[in-house]
Amino acid sequence: EPIDVPAALDELERRGVIHRKTVLSGDEYRFGESLTQEVAYEGLLLKERRQLHERIGHMLEEEASDNDPELPALLAHHYARSDNREKAVEALLRAAQRAEQLPSYNTAVRCYRQAWDLASEALDESESTDPQAARRAVAAAVGLCRMGMVYSIPDGGAAERAAHRGRELAGALGDVQDVAALWTYQGMLVVNGGRERF
């Protein structure tokens, strides 16, 4: 639509709806109130939101520097809310690995869990098993199991279920290292799950 974007931004800024991110930033704005942001976001159709999140993810990949510490989390946030599952799982895995390095273990678990959910959902919906999709799912399963076992972060059995399915996928790929890792993690999760389970 033919909108005069600079004039519209100036008007929104004048009314206090948005403000510049910093005094010197010419093209970065923030909402004045989080409620205003929420209302604007909720006013979009779900399809529009997903398209915008994917476009923002692509823009961030093209323009951001690789050594930006916030980039993995931003990409994960936007791609996970888009329809591009492949990019979402890849971004979530990178964000989880980055969170482990910080360390921010709860964030890492959340990212691995979301990557696993999206990857396994995509595999369930496709009739043929894409080897790359299976590899991403295995990576998410290994990360989720490792975090659950090493850092004793409770996950309601999700890590054990991921270990079981991840082993099947890794076996089909001929990935004996991840099969062994998933067997090990699952065994340790069961042993640490309490006397009655052991």
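The values are calculated or read from the model by the stated rules, or taken from the named source; none is laboratory data. Since the structure is predicted, the reported quantities are computational estimates derived from the model, not experimental observations. Note: ideal-geometry Cβ built from the backbone for every residue, glycine included; neighbour counts use all protein chains shown. When the accessible area is computed, the model is the full protein with side chains, heavy atoms only, and any ligands, DNA or RNA have been set aside. Shrake-Rupley method; radii C 1.70, N 1.55, O 1.52, S 1.80 Å.
Matching residues to (1) under 26 Å from ARG81 (Cβ atoms); (2) of a type in the set (Ser, Thr, Tyr):
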residue	(1), (2)
THR107	yes, yes
SER126	yes, yes
ARG136	yes, no
ALA140	yes, no
ALA162	yes, no
ARG165	yes, no
VAL176	no, no
Say we look at the stretch 149-198 and pick out the residues that are over 21 Å from ASP117 (Cα atoms) and touching a helix residue (DSSP H, G or I) at 6+ places or on another chain (Cβ under 6 Å); which of these is modelled with the highest pLDDT? MET188
Determine whether the stretch 125-132 contains at least one residue that is modelled with pLDDT of 90 or more and small (Gly, Ala, Ser). no
Filter the stretch 57-67 down to the residues that are at pLDDT below 90 and within 16 Å of LEU92 (Cα to Cα) and list them by number. LEU60, GLU61, ASP66
Would you confirm, using the coordinates I've provided, whether TYR29 is touching a helix residue (DSSP H, G or I) at 6+ places or on another chain (Cβ under 7 Å) and over 26 Å from ALA133 (Cβ atoms)? yes
Report those helices (runs of 4 or more DSSP H) wholly inside the stretch 1-83 carrying at least 3 residues which are farther than 30 Å from PRO103 by Cα and open to solvent by 90 Å² or more (accessible area, probe 1.4 Å). 34-42, 46-63
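Let's see how each residue does on (1) closer than 21 Å to VAL176 by Cβ; (2) small (Gly, Ala, Ser); (3) touching a residue at least 24 places away in the same chain (Cβ under 8 Å):
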| position | (1), (2), (3) |
| --- | --- |
| ALA76 | no, yes, yes |
| ASP83 | no, no, yes |
| ARG94 | no, no, no |
| PRO103 | no, no, no |
| ALA122 | no, yes, yes |
| GLY143 | yes, yes, yes |
| MET149 | yes, no, yes |
| ALA163 | yes, yes, yes |
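Anything in the stretch 84-106 that is closer than 27 Å to SER152 by Cβ, open to solvent by 90 Å² or more (accessible area, probe 1.4 Å) and of a type outside the set (A, V, I, L, M, F, W, C)? List them, or say none. Even if it seems obvious, please write down each step before you answer.
Start the filter on the stretch 84-106 by keeping residues that are closer than 27 Å to SER152 by Cβ, which leaves 89, 91-106.
Then keep just the ones that are open to solvent by 90 Å² or more (accessible area, probe 1.4 Å); that gives 94, 97, 101-102, 106.
Listed by number, the residues that qualify are ARG94, GLN97, GLN101, ASN106.
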